[in-house]
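Q: If you scroll down you'll find the structure; I have some questions about it.
The values are calculated or read from the model by the stated rules, or taken from the named source; none is laboratory data. Computed from a predicted structure; not experimentally measured. Cβ sites come from the backbone with ideal geometry, for glycine too, and all protein chains shown count toward neighbours.
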Protein chains: 2
Amino acid sequence: MRIAVDAMGGDYAPAEIVKGAIEAAREYGVRIILVGDQEGISRELAKHAAVEPAVEIRHASEVVQMDENSANAIRRKTDSSIVVAANLVSSGDAQAMVSAGNTGAAMAVATLKLGRIAGIDRPAIGSLLPTMNGTAVLLDAGANVDCDVENLLQFAVMGSEYAERVLKLNRPRIGLLSIGEEATKGDKLTKAANARLARMDLNFIGNVEGKDIFRGAADVIICDGFAGNVTLKVAEGMAEFMLAVLKEEINRSIICRLGVQLLSRALRRARAKLDYAEYGGAPLLGVNGVCIICHGRSDARAIRNAIRAGASAVENDIVTCISASVRQKELAATKP
Amino acid sequence: MRIAVDAMGGDYAPAEIVKGAIEAAREYGVRIILVGDQEGISRELAKHAAVEPAVEIRHASEVVQMDENSANAIRRKTDSSIVVAANLVSSGDAQAMVSAGNTGAAMAVATLKLGRIAGIDRPAIGSLLPTMNGTAVLLDAGANVDCDVENLLQFAVMGSEYAERVLKLNRPRIGLLSIGEEATKGDKLTKAANARLARMDLNFIGNVEGKDIFRGAADVIICDGFAGNVTLKVAEGMAEFMLAVLKEEINRSIICRLGVQLLSRALRRARAKLDYAEYGGAPLLGVNGVCIICHGRSDARAIRNAIRAGASAVENDIVTCISASVRQKELAATKP
């Protein structure tokens, strides 16, 4: 299996990307194509004592910047690392692409070059969240801010397949993010979606509230990209706030500082559980190929995990599974 | 000042409500009218060694249950504690009402009996959140799930007045909850609201993201009730999750358990900062009177704090301030 990695995307590119790619090639037995500036990538590769022969370079002369308008960028910069990576997947030279660059550009180029799965109107970003009893996938995490009911139903089918095939959960429980458990609670969109989801051939467990997500109430959380993005960022902000408050309180006394020394291992482990890097890489579901989108702040570990997520999506043939499920459920893409 | 307290509302009514009311009368020098079952309230009062003469009882023969349909309940149960409490404010016998009962019923009865401030289409719940540098008010916290741009502008005016008059913040910074800082980021509603807010006579600082809320990026967070409620519940769930993870890690080793003994004071303090009870009571802004809505799980401390919030809103004449600001900003209620 070959995975195309955008070596130029992200805040710590290319150093951390190259490092993560080498680790992934070593650990997961995949072949990596590092896409981007030949010279820069070679320099990074040279820093590592033993580079796997499984890592190769594909030169790309341009880079889409993080703050660039994505639609313009991918049209103009046809030799940018993100576009070349997508081309490698579309031509079959690679089976998956991974990028920590401009998220909008990655989504746009993947949709353009790989196409959408028949029956899917809008690809969605599936974000993996830690819960008290495992992992949940939330979608859409921010690709589509204004959604209609059909979009949410398609997200549910894609999320269910991902949870079953890649996360290996049996009959994944699908929850609809809303503001009350009763089917009548929510805004217009969620109320209409709840009624439709209840009639579908899915293990739909009804509405779930924000506080239930981390309790592990559902394996798949369905919502529009606005609510999904708010959810992820509020969770991130709250975690940051709690650690800051704890630190402040701890610093108030010597006894507490002693306590925290003893506790530091537990704190580190708790933090790792919450750290996005552990979960590095969100699949863009609904495109006709495997595309893993990473946080801009991704370090080597996040990239390594994202490559693993990409390999797992390929091994489990997620695209075919989603495609079959959409057909079987007779979900037709809405007419334009 | 007299404050009508719904003694029958909430999971721990009437015991905790009565206890909190006595404490508030003692500490804040307000007179309390406990509304509800005379006998039950008397029994609770008798448990306290010295009851302030400032606490009196107003009998009400009915109770609106937590899960009752609020519109029906307040129409049928005209002698329920929540309706009688609202009547006391509307007649001028009390200056504010406090309830930990059915939130929908409290909103409906307050809107019906007190009326709306001219220029306000929909009253909103303002929820107080702890931040790294103080307190922020988020509205709407769940009263209105489907909002239009006019609603959000009205929320901004009300939130600004509340932050300035009651929280005593100078030129409160108004932020619009969205999924990116740029004005062009967000769904249709937030993009339209951003453009309008930027032209208003308010200290509008633009979009804020979920992660910025707890960093204290804004004093007032504006959003529709769906996003607001999701925000509050995700934050609650995340805090719960982090404490659970920490506890689990701690229990793994004796050394850690020793560490946590030393740390327990810090953990307790950190928790208090996050505890809604400390912030007990969210003002229902936009009604023509002071109404404080409490969490159903409110204990005596939460009720005491809610009464303090009610007294502060009365002292600072929040209703007149909002009314004047709406007039001055020429915000007209949208035509039906």
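Q: How about the range B:18-32: which of its residues are part of a helix (DSSP H, G or I) and under 13 Å from B:GLY310 (Cα atoms)?
A: Result: B:ALA21, B:ALA24, B:ALA25, B:TYR28.
Q: Filter the range A:170-192 down to the residues that are part of a loop (DSSP other than H, G, I, E, B) and within 12 Å of another protein chain (Cβ to nearest Cβ) and list them by number.
A: Listed by number, the residues that qualify are A:SER178, A:ILE179, A:GLY180, A:GLU181, A:GLU182, A:THR184, A:LYS185, A:GLY186, A:ASP187.
Q: If A:ASN170 satisfies every condition in (1) farther than 28 Å from B:LYS191 by Cβ; (2) touching a residue at least 60 places away in the same chain (Cβ under 8 Å); (3) surrounded by fewer than 24 Cβ atoms within 10 Å (Cβ to Cβ) but one, which is the exception?
A: The failed condition is (2).
Q: May I ask you to list the residues in the range A:142-158 that are in a helix (DSSP H, G or I) and within 13 Å of A:LEU284 (Cβ to Cβ)?
A: Once the filter is applied, which keeps residues that are in a helix (DSSP H, G or I) and within 13 Å of A:LEU284 (Cβ to Cβ), the range A:142-158 yields A:PHE155, A:MET158.
Q: With respect to B:ALA195, is the statement that it is crowded, with 20+ Cβ neighbours inside 10 Å, more than 14 Å from chain A (Cβ to nearest Cβ), outside any strand (DSSP E or B) and of a type in the set (A, V, I, L, M) true?
A: Spelling it out, it is not the case that B:ALA195 is crowded, with 20+ Cβ neighbours inside 10 Å, more than 14 Å from chain A (Cβ to nearest Cβ), outside any strand (DSSP E or B) and of a type in the set (A, V, I, L, M).
Q: Among what's in the range A:33-60 and is in a helix (DSSP H, G or I) and of a type in the set (Gly, Ala, Ser), pick the residue that is farthest from A:ALA110 (Cα to Cα). Spell out the reasoning first.
A: Step one: filter the range A:33-60 for residues in a helix (DSSP H, G or I), giving A:38-46.
Those left that are additionally of a type in the set (Gly, Ala, Ser): A:40, A:42, A:46.
Values: A:GLY40: 24, A:SER42: 26, A:ALA46: 30 Å.
In this case the residue turns out to be A:ALA46.
Q: Taking A:LEU139 and the conditions (1) surrounded by fewer than 22 Cβ atoms within 10 Å (Cβ to Cβ); (2) under 15 Å from the mean Cα position of the chain (by Cα), which numbered condition does it fall short on, given that it satisfies the others?
A: (1)
Q: Answer with yes or no whether B:ALA73 is buried (at least 21 other Cβ atoms within 10 Å of the Cβ) and under 16 Å from B:MET1 (Cβ atoms).
A: No.
Q: Is it the case, given these coordinates, that B:ASP219 is in contact with a Cys (Cβ under 6 Å, 6 or more places away or on another chain), surrounded by 24 or more Cβ atoms within 10 Å (Cβ to Cβ), modelled with pLDDT of 90 or more and not assigned by TED's automatic domain parsing to the domain that holds B:ARG327?
A: no
Q: Please verify whether A:ALA60 is in contact with a Ser or Thr (Cβ under 6 Å, 6 or more places away or on another chain), surrounded by 21 or more Cβ atoms within 10 Å (Cβ to Cβ) and not charged (D, E, K, R), treating the condition exactly as stated.
A: yes
Q: Is it the case, given these coordinates, that A:MET200 is facing another protein chain (nearest Cβ under 9 Å), touching a residue at least 24 places away in the same chain (Cβ under 8 Å) and surrounded by fewer than 19 Cβ atoms within 10 Å (Cβ to Cβ)?
A: no
Q: How about the range B:278-302: which of its residues are under 17 Å from B:LEU114 (Cβ atoms) and not in a loop (DSSP other than H, G, I, E, B)?
A: B:ALA282, B:PRO283, B:LEU284, B:LEU285, B:VAL287, B:VAL290, B:CYS291, B:ILE292, B:ILE293
Q: Kindly indicate the residue of the range B:102-136 that is surrounded by fewer than 22 Cβ atoms within 10 Å (Cβ to Cβ) and of a type in the set (D, E, K, R) and also farthest from B:LYS211 (Cα to Cα) among those meeting that condition.
A: Top of the filtered list is B:ARG116.
Q: If you take the residues in the range B:224-238 that are among the small types (Gly, Ala, Ser) and more than 7 Å from chain A (Cβ to nearest Cβ), which one is farthest from B:ASP121 (Cα to Cα)?
A: By that ranking, first place goes to B:GLY228.
Q: Hey, another quick one. Out of everything in the range A:174-192 that is within 17 Å of B:ALA141 (Cα to Cα) and aliphatic (A, V, I, L, M), what residue ends up being surrounded by the most Cβ atoms within 10 Å (Cβ to Cβ)?
A: Per the criteria, the residue is A:LEU177.
Q: So, in the range B:167-185, exactly how many residues are small (Gly, Ala, Ser) and more than 26 Å from the chain's Cα centre (by Cα)?
A: The number of residues fulfilling the criteria is 2.
Q: Only one of these is away from chain B (no Cβ under 14 Å), within 27 Å of A:CYS291 (Cα to Cα) and of a type in the set (A, V, I, L, M, F, W, C): A:LEU139, A:LEU129. Name it.
A: The unique qualifying residue is A:LEU139.
Q: Here is a follow-up. Would you check which residues across the range A:205-216 are more than 8 Å from chain B (Cβ to nearest Cβ) and either in contact (Cβ under 8 Å) with a residue 60 or more places away in the chain or crowded, with 22+ Cβ neighbours inside 10 Å (or both) and list them?
A: Passing the criteria: A:ASN207, A:VAL208, A:GLY216.
Q: Is it the case that A:ARG2 is in contact (Cβ under 8 Å) with a residue 40 or more places away in the chain and either surrounded by fewer than 24 Cβ atoms within 10 Å (Cβ to Cβ) or outside the structural domain of A:ILE318 (by TED's automatic domain parsing) (or both)?
A: When the stated conditions are applied, A:ARG2 passes them.
Q: Let me ask something else. Looking at A:MET8 and the list (1) touching a Gly at 6+ places or on another chain (Cβ under 7 Å); (2) modelled with pLDDT under 90, which single condition is not satisfied?
A: Result: A:MET8 fails condition (2) only.
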